[in-house]
Amino acid sequence: MEYKLNDKLSVFTEIEGVYLNIKRKKSKVTKYEVNGNDALSTYPGPIEVTYKDKIQVDQSGNPVNANEALSTTSPYSKQGINLGFTYYF
């Protein structure tokens with residue numbers, strides 16, 4: 001909404017919404033330090049992980065493929081109200 005104060009100046013308000021849900025596909029560990037020393041070669045988990053909607057698990061519930069994990073969704077959403085002035089040249 002905009003309200004014109006005169007020929008050169010107006011005040012406005014707007015409502016905005018951004019709705020993003022991000023799902024990662026892969027991750028990779030590129031650095032692993034212990035007490036300030038490089039220890040990537042001793043990293044206890046998989047270096048690369050592929051995220052999937054469904055994975056196979058063994059009888060204990062552990063993934064059959066250690067390089068796979070269940071995907072999750074992270075919300076990066078916002079709602080807001082903007083207020084401001086517009087000056088016309």
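Has segment 28-50 got at least one residue that is open to solvent by less than 60 Å² (accessible area, probe 1.4 Å), assigned to a strand (DSSP E or B) and among the β-branched types (Val, Ile, Thr)? There is at least one residue in segment 28-50 that is open to solvent by less than 60 Å² (accessible area, probe 1.4 Å), assigned to a strand (DSSP E or B) and among the β-branched types (Val, Ile, Thr). Just one of the numbered conditions (1) part of a loop (DSSP other than H, G, I, E, B); (2) within 30 Å of Phe89 (Cβ to Cβ) is not true of Ala66; which one? The single condition Ala66 does not satisfy is (2).
For every residue, the table says whether it meets (1) under 23 Å from the mean Cα position of the chain (by Cα); (2) not acidic (Asp, Glu).
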position	(1), (2)
Lys8	no, yes
Ile22	yes, yes
Ser27	yes, yes
Val34	no, yes
Lys52	yes, yes
Gln59	no, yes
Glu68	yes, no
Ser74	yes, yes
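Taken together, the residues in segment 51-69 that are within 23 Å of Tyr19 (Cβ to Cβ) and either open to solvent by 70 Å² or more (accessible area, probe 1.4 Å) or at pLDDT below 95 (or both) amount to 1.
Kindly indicate which of Gly80, Gly84 is under 22 Å from the mean Cα position of the chain (by Cα), in a strand (DSSP E or B) and not aromatic (Phe, Trp, Tyr). It would help to see each step written out before you state the result.
Numbers: Gly84 fails: under 22 Å from the mean Cα position of the chain (by Cα).
Gly80 is the lone residue from the list that is under 22 Å from the mean Cα position of the chain (by Cα), in a strand (DSSP E or B) and not aromatic (Phe, Trp, Tyr).
When residues in segment 1-27 are screened for being open to solvent by less than 100 Å² (accessible area, probe 1.4 Å) and among the aromatic types (Phe, Trp, Tyr), 1 of them pass.
Evaluating Phe85 against the criteria (1) closer than 30 Å to Glu2 by Cβ; (2) of a type outside the set (A, V, I, L, M); (3) surrounded by 10 or more Cβ atoms within 10 Å (Cβ to Cβ) leaves one unmet condition, (3).
Annotation note: Cβ proximity below 6 Å between a residue of segment 9-30 that is more than 17 Å from Thr72 (Cβ to Cβ) and in contact (Cβ under 8 Å) with a residue 12 or more places away in the chain and a residue that is assigned to a strand (DSSP E or B) and among the small types (Gly, Ala, Ser) (sequence gap 6+ or interchain) occurs for Phe12/Gly84; Glu16/Gly80.
The values are calculated or read from the model by the stated rules, or taken from the named source; none is laboratory data. Remember, predicted model here, so these are calculated numbers, not experimental data. Cβ sites come from the backbone with ideal geometry, for glycine too, and all protein chains shown count toward neighbours. Calculation scope for accessible area: heavy atoms of the full protein, side chains included, ligands and nucleic acids excluded. Shrake-Rupley method; radii C 1.70, N 1.55, O 1.52, S 1.80 Å.
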